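Asks: Can you keep this structure in mind? I'll have questions shortly.
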Amino acid sequence: MQYRPLGRTGLSVSAIGLGTMTWGRQNSEAEGHAQMDAALDRGITFWDTAEMYAIPPVAESYGRTEEIIGSWFQSRGRRDRVILASKIIGAPAGGFGWVREGKSRLDRTNLFAAVEASLSRLKTDYIDLYQIHWPDRVTNRFGVRTYRHRPDQDGVPVEETLAALGELVRAGKIRHVGLSNESPWGVMRYLRAAEVAGLPRVASIQNAYNLLNRTFEQGLSEVALREDVGLLAYSPLAAGTLTGKYLHGAVPPGSRRALDHRPSRYATVNADAATEAYLDIARRHGLAPNQMAIAFTLQQPFVASSLIGATTMETLISNIGAIDLTLAPEVLAEIDAVHNRMPDPCP
């Protein structure tokens, strides 16, 4: 396993991070425990979760993933070997009414309530990296391409959110702060607030990044590299799309698309054509498609950790194996050729 700096925190995270959002819906508690055992044994020390998991989100599974991690900590006693990340949701947009009565905001009251509830479920005294799952304001996220300026819908000011997070850091409840599904403007605003007011500095940003969605490269990559705010790349397999299992409308039983009532951001025009082109590259070079896709993210200088997830142990072990793959220049050139022909079909 490789290890990389987490911003300017002094911590190092495994280059492959363990995603957890299937535990509690697609995976049982026992399966989640087995995945944690296998990941840690293979050097994966960075785990990512969120209060809203398991996915797809419903009231019945809210917080269940954190509970499964907590029961693993309780039974194994290996909390000190893990750098643990979790998240608080931003303002709900037409859903999540079961989270703090549908009134979740990124204010002090909600942040303190969310952290205390997560700590209880996780059975730990602290969270290493606490992230804003998405902003309160209107931004481009989850497949939205065009920014709509709606300052009338701005939520809690960044400075207020960061001040509350600073209190939680001083109290020892969380160690560091991060962002997710954020824009270049948002990251820079948080960094400015930290500098001006002496508040915690953002350590990371967790956004989608994969062969079907390289929008991070358009603006955020420069911010990540110049400001030491590394990307925690989620969905390196485009939610399984890059394996080819969803081609031509296929929806395998038990898959995420079979369970999730929401339209997939990866079921778009040109998604199949781009996926087939990447699968062809992997086939011609004798590469496993999943490992090629994950290895691509790992070779980007702005990526601190690429977050993998799986519903089966076989898939998990195969995904972890991407750490040993370095893509040759000719493979990278062919990948870029497809990207130039069909850029970001699934933002």
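Asks: Hey, can you tell me all the residues within the stretch 291-319 that are without any contact (Cβ under 8 Å) to a residue 40 or more places away in the chain and either under 17 Å from Ile44 (Cβ atoms) or in a helix (DSSP H, G or I) (or both)?
Replies: Filtering the stretch 291-319 down to residues without any contact (Cβ under 8 Å) to a residue 40 or more places away in the chain leaves 291-292, 295, 299, 312, 314-315, 318.
Residues satisfying the conditions are Gln291, Met292, Ala295, Thr312, Glu314, Thr315, Ser318.
Asks: Here is a follow-up. For the stretch 272-290, what are the residues that are buried (at least 18 other Cβ atoms within 10 Å of the Cβ) and touching a residue at least 60 places away in the same chain (Cβ under 8 Å)?
Replies: Passing the criteria: Ala274, Thr275, Ala277, Tyr278.
Asks: Cβ-Cβ below 7 Å, separation at least six or inter-chain, first residue in the stretch 168-197 and under 20 Å from Leu122 (Cα atoms), second in a loop (DSSP other than H, G, I, E, B): which pairs?
Replies: Pairs found: Val169/Pro200; Gly172/Tyr126; Lys173/Tyr126; Ile174/Tyr126; Arg175/Tyr126; His176/Thr9; His176/Pro200; Val177/Pro200.
Asks: Against the conditions (1) of a type in the set (A, V, I, L, M); (2) surrounded by fewer than 18 Cβ atoms within 10 Å (Cβ to Cβ); (3) modelled with pLDDT of 95 or more, where does Leu129 fall short? Just the number, please.
Replies: (2)
Asks: Under 9 Å by Cβ, and 6 or more places apart or on different chains, what pairs join a residue from the stretch 112-128 that is at positive phi with one that is among the aliphatic types (A, V, I, L, M)?
Replies: Taking only residues 6 or more apart or on different chains, the pairs are Lys123/Ile69.
Asks: Out of Thr268, Thr311, Thr275, I need the residue that is among the β-branched types (Val, Ile, Thr), more than 15 Å from Asn213 (Cα to Cα) and within 22 Å of the chain's Cα centre (by Cα). Which one? So that I can check it myself, show each step before the final result.
Replies: On the way: Thr268 fails: more than 15 Å from Asn213 (Cα to Cα); Thr275 fails: more than 15 Å from Asn213 (Cα to Cα).
That would be Thr311, the only listed residue that is among the β-branched types (Val, Ile, Thr), more than 15 Å from Asn213 (Cα to Cα) and within 22 Å of the chain's Cα centre (by Cα).
Asks: Pick from Leu111, Leu122: which is under 19 Å from the mean Cα position of the chain (by Cα) and of a type in the set (A, V, I, L, M)?
Replies: Working: Leu111 fails: under 19 Å from the mean Cα position of the chain (by Cα).
Going through Leu111, Leu122 in turn, just one is under 19 Å from the mean Cα position of the chain (by Cα) and of a type in the set (A, V, I, L, M): Leu122.
Asks: Please work out which residue is farthest from His133 (Cα to Cα), limiting yourself to the stretch 149-174 and to residues that are in a loop (DSSP other than H, G, I, E, B) and either touching a His at 6+ places or on another chain (Cβ under 8 Å) or of a type in the set (Lys, Arg) (or both). Please lay out each step first, then the result.
Replies: So in the stretch 149-174, the residues in a loop (DSSP other than H, G, I, E, B) come out as 149-150, 154-157, 171-173.
Okay, now just the ones that are also either touching a His at 6+ places or on another chain (Cβ under 8 Å) or of a type in the set (Lys, Arg) (or both), so 150, 173.
Details: Arg150: 20, Lys173: 18 Å.
Ranking the qualifying residues of the stretch 149-174, first place goes to Arg150.
Asks: Given the criterion assigned to a helix (DSSP H, G or I), closer than 20 Å to Asp107 by Cα and under 19 Å from the mean Cα position of the chain (by Cα), identify the matching residue among Val223, Val187, Val177. Walk me through it before giving the result.
Replies: Working: Val223 fails: closer than 20 Å to Asp107 by Cα; Val177 fails: assigned to a helix (DSSP H, G or I).
On inspection, the qualifying residue turns out to be Val187.
Asks: Within the stretch 226-265, track down each residue that is under 22 Å from Thr49 (Cβ atoms), in contact with a helix residue (DSSP H, G or I) (Cβ under 7 Å, 6 or more places away or on another chain) and part of a loop (DSSP other than H, G, I, E, B).
Replies: If the condition is that a residue be under 22 Å from Thr49 (Cβ atoms), in contact with a helix residue (DSSP H, G or I) (Cβ under 7 Å, 6 or more places away or on another chain) and part of a loop (DSSP other than H, G, I, E, B), then Val229, Pro236, Leu237, Ala239, Gly240, Ser264 are the ones that fit.
Asks: Can I ask one more? Across the stretch 97-106, what is the total count of residues that are surrounded by 19 or more Cβ atoms within 10 Å (Cβ to Cβ) and either basic (Lys, Arg) or in contact (Cβ under 8 Å) with a residue 40 or more places away in the chain (or both)?
Replies: Step one: filter the stretch 97-106 for residues surrounded by 19 or more Cβ atoms within 10 Å (Cβ to Cβ), giving 99, 104-106.
Restricting the remaining residues to those that are either basic (Lys, Arg) or in contact (Cβ under 8 Å) with a residue 40 or more places away in the chain (or both) gives 99, 105-106.
Residues flagged as surrounded by 19 or more Cβ atoms within 10 Å (Cβ to Cβ) and either basic (Lys, Arg) or in contact (Cβ under 8 Å) with a residue 40 or more places away in the chain (or both) within the stretch 97-106 amount to 3.
Asks: Residues Ala91, Ala117, Ala85: which one is part of a helix (DSSP H, G or I) and of a type in the set (A, V, I, L, M)?
Replies: On the way: Ala91 fails: part of a helix (DSSP H, G or I); Ala85 fails: part of a helix (DSSP H, G or I).
The unique qualifying residue is Ala117.
Asks: Between a residue in the stretch 20-36 that is at positive phi and any residue that is buried (at least 22 other Cβ atoms within 10 Å of the Cβ) and outside any helix (DSSP H, G or I), which pairs come within a Cβ distance under 8 Å, given they are 6 or more apart or on different chains?
Replies: Gly24/Tyr53; Gly24/Ala54
Asks: Let me ask you something else. Checking Val269 against (1) part of a loop (DSSP other than H, G, I, E, B); (2) free of Cβ contacts under 8 Å to residues at least 60 places away in the same chain, only one condition comes out false. Which one?
Replies: If we test Val269 against (1) part of a loop (DSSP other than H, G, I, E, B); (2) free of Cβ contacts under 8 Å to residues at least 60 places away in the same chain, just (2) comes out false.
The values are calculated or read from the model by the stated rules, or taken from the named source; none is laboratory data. Treat the numbers as computed from the prediction; the structure is a model and nothing was measured. Positions of Cβ are backbone-derived with ideal geometry, glycine not excepted, and every protein chain shown enters the neighbour counts.
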